[in-house]
Every structure is written in C-alpha cells, then in structure tokens.
Amino acid sequence: METLTAQSIVLSESDFRKISNMVYEHCGINLHAGKKELVRARLAKRLRLGNFKTFPEYMNHVLKDKTGQEFSLLIDSLSTNLTSFFREKQHFEFLQSRFLPTLLEQKRQSSNFRIRIWSAGCSSGEEPYSIAIALLEATQGKGRWDIKVLATDISASILELAKAGIYGIERVEPVPSLQKQKYLVPHRRNGHKMFEVSNRLRDTVIFSYLNLMNDWPIKGPLDFIFCRNVMIYFDKATQSTLVNRFWDLLDSGGILFTGHSESLTGIEHKFKYVQPTIYMKP
C-alpha cells in the first residue's frame, strides 16, 4: 500500500484557489499565489492525520463539519504563532518611558483610574502578559488602578496555551530578573524548567476568541491597541477597514502599535505617525 507523505500530496491550482477564497471570506487572510507551497505543506499534516488522500476529499470534510472545529484547525495550521515576552522591545520602551507616564498623570488629574488595552492577535499569550507587566510596574505605588488587558485570537487551540500561561526558559528570557521574580513562578515539568504566570497577571488579562472580520463585542474607549504581525496576512482593503475600526475604539491620544514589518503606508487613515509602527489618535 502506498504511504501518504507530505511530498506526495498534490495541491492543484483550482484547489488552492478554493482554499484561498474560503479562508479570505472567513477571516480576511490573503493567501496569494506565493503561499501555495506553504498551504500544501501546512495542510498535508491535516490530510495525513485524517487519512484523506486528496485535497478535495479533505476540503469536503471541512465543509461538512457543522461544528466548525476542523475549519478552526485548518486556520491554526496556516497561521504562524511564534512570539516571546517583550517582543519588539522598542514598543515597550516607548510605553514605559514616554506614553504611560503621561497617560497616568492625565488620568490621575481627572480621577479616572481605569485602563483598558487590547492585544488583537495575542497568539500564545506572551504579548498581553508583557503588557500587563508593563502596566502593573508603571502603576505600582500610585494608588489603586482598574487595569484590564483584553487578549483575542482566531485560533482556539493557541488561546488554550495562552490561558495555561506556562512557558519555557527561552520565551521568558527577555523578562528582567526582578520582574521575573514578581510575575513568573518557576517549576519543573517533565524534567524541564518552566515558568507559570502569576495570579496577578491572570487577574489582569482576559482571553477571548475573536475573528477580526466579524463584529467586535468590545466597548471603548481603549488607551492603546497592539495589533502586531496580524495585518501582514491581509490585503490593503482589509487592512484599511481594520485600521479605521481601531481608530473608532481608541480614546483621544490613544496609540496603535503594529508589527515591525507593517506600516500604514498606502492605507487611508487619520492616525498621526509617531515613529515606525507606532501611531496616535490625536
């Protein structure tokens, strides 16, 4: 009997177009022609696990699954989830040295001690937990603050990892030692040293499934939004829609952070450029 391998699975042009169209309609991810080999390689594993011999057979199964679970696994396979604590450190340096001191003083003067943040496309949780650490450090000793970080992602399985909040040494390496002691609890798992987020971080971060192409059950105004390395998957029209929806949610003076390879060039928007990948709502 012939063994099914990743290399032996053929993805025709018409099947690639069907998959691309379906993914785009569902969540806005733009799988252009250059992504065909990536799609074939990533989905080949799903075919092997389900004993499907061809892509049409697999796609028929995906479309017939009324629970949507298999489609969610398809999306998980196609989206890259690689991150670490305090990734793209220039964003956190800007937050800690420039933005948060001003924001906290303005809020204190108006007796508004509520801080609301959104991590859109939070992946396995390192980003929102890093934001929470930055906020807890900035407000320490400055009275009682009501701080919440909403963290959303389209991948249900990656959200489970985020909620578990357990990370290997390499993921937490960027966390300064004093903050590591305060917010991360070391323990061993299967002989490996791991770190689990503290209850203070768990109480600050709220994880939720969200498809950015659908309605957002989020009430503003938000103080800042992280949407990093998410828009690279979208075409310009989808990016434009997304950026203007972020604008509507942000408070005056609020900040939008994008990924290091993302800019708002070529997108019609009202944001004020602050520095690369950092934009302010005036």
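Report, by residue number, each residue of region 5-28 that is in contact with a Phe, Trp or Tyr (Cβ under 8 Å, 6 or more places away or on another chain), modelled with pLDDT of 80 or more and not in a loop (DSSP other than H, G, I, E, B).
Of everything in region 5-28, those that are in contact with a Phe, Trp or Tyr (Cβ under 8 Å, 6 or more places away or on another chain), modelled with pLDDT of 80 or more and not in a loop (DSSP other than H, G, I, E, B) turn out to be D15, I19.
Please tell me if E173 is assigned by TED's automatic domain parsing to the domain that holds L250, of a type in the set (D, E, K, R), in contact with a strand residue (DSSP E or B) (Cβ under 8 Å, 6 or more places away or on another chain) and within 23 Å of E93 (Cα to Cα).
No, not satisfied.
From the list S208, S177, which residue is free of Cβ contacts under 8 Å to residues at least 60 places away in the same chain and farther than 30 Å from S77 by Cα?
Exactly one of S208, S177 is free of Cβ contacts under 8 Å to residues at least 60 places away in the same chain and farther than 30 Å from S77 by Cα, namely S177.
Within the bounds of region 56-77, is there any residue that is in a loop (DSSP other than H, G, I, E, B), in contact with a helix residue (DSSP H, G or I) (Cβ under 8 Å, 6 or more places away or on another chain), in contact (Cβ under 8 Å) with a residue 24 or more places away in the chain and not assigned by TED's automatic domain parsing to the domain that holds A237?
No, region 56-77 contains no residue that is in a loop (DSSP other than H, G, I, E, B), in contact with a helix residue (DSSP H, G or I) (Cβ under 8 Å, 6 or more places away or on another chain), in contact (Cβ under 8 Å) with a residue 24 or more places away in the chain and not assigned by TED's automatic domain parsing to the domain that holds A237.
In the list Q96, Q106, Q181, which residue meets the criterion of being surrounded by fewer than 16 Cβ atoms within 10 Å (Cβ to Cβ), in a helix (DSSP H, G or I), within 24 Å of the chain's Cα centre (by Cα) and not β-branched (V, I, T)?
Only one candidate qualifies: Q96.
Looking at L242, L249, L256 in this structure, which one is at pLDDT 90 or above, more than 23 Å from L103 (Cα to Cα) and under 19 Å from the mean Cα position of the chain (by Cα)?
Working: L249 fails: more than 23 Å from L103 (Cα to Cα); L256 fails: more than 23 Å from L103 (Cα to Cα).
Going through L242, L249, L256 in turn, just one is at pLDDT 90 or above, more than 23 Å from L103 (Cα to Cα) and under 19 Å from the mean Cα position of the chain (by Cα): L242.
Please find, within region 207-216, the residue that is farthest from G28 (Cα to Cα) out of those that are touching a strand residue (DSSP E or B) at 6+ places or on another chain (Cβ under 6 Å) and surrounded by 14 or more Cβ atoms within 10 Å (Cβ to Cβ).
Applying the filter and picking the extreme gives F207.
Tell me yes or no: at least one residue of region 39-46 is on the phi < 0 side of the Ramachandran plot, in a helix (DSSP H, G or I) and touching a residue at least 40 places away in the same chain (Cβ under 8 Å).
Residues of region 39-46 that are on the phi < 0 side of the Ramachandran plot, as a first pass: 39-46.
Next, only the ones that are in a helix (DSSP H, G or I) stay: 39-46.
Of the ones still in play, those that are also touching a residue at least 40 places away in the same chain (Cβ under 8 Å) are none.
Taking every residue of region 39-46 in turn, none turns out to be on the phi < 0 side of the Ramachandran plot, in a helix (DSSP H, G or I) and touching a residue at least 40 places away in the same chain (Cβ under 8 Å).
When region 263-282 is examined, which residues are found to be free of Cβ contacts under 8 Å to residues at least 60 places away in the same chain and crowded, with 19+ Cβ neighbours inside 10 Å?
F271, Y279, K281
Scan region 134-165 residue by residue and report those that are within 18 Å of R87 (Cβ to Cβ), part of a helix (DSSP H, G or I) and in contact with a Leu (Cβ under 7 Å, 6 or more places away or on another chain).
Scanning region 134-165 gives a single hit, A134.
Need pairs with beta-carbon distance below 6 Å; first residue in contact (Cβ under 8 Å) with a residue 60 or more places away in the chain and within region 184-201, second outside any loop (DSSP other than H, G, I, E, B) and small (G, A, S); sequence gap 6+ or separate chains.
L201/A132
This table checks each residue for (1) within 18 Å of the chain's Cα centre (by Cα); (2) exposed (fewer than 14 other Cβ atoms within 10 Å of the Cβ); (3) among the β-branched types (V, I, T); (4) modelled with pLDDT of 95 or more.
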site: T102; (1), (2), (3), (4): no, yes, yes, yes
site: G121; (1), (2), (3), (4): yes, no, no, no
site: E126; (1), (2), (3), (4): yes, no, no, yes
site: A134; (1), (2), (3), (4): yes, no, no, yes
site: E170; (1), (2), (3), (4): no, yes, no, no
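From the list L184, L150, which one is closer than 30 Å to V243 by Cβ and hydrophobic (A, V, I, L, M, F, W, C)?
Selected residue: L150, the only one of L184, L150 that is closer than 30 Å to V243 by Cβ and hydrophobic (A, V, I, L, M, F, W, C).
The values are calculated or read from the model by the stated rules, or taken from the named source; none is laboratory data. Quantities reported herein were computed from a predicted structural model and do not represent experimental measurements. Quick reminder, even Gly has a Cβ in these numbers, built from the backbone with ideal geometry, and neighbours come from all protein chains shown.
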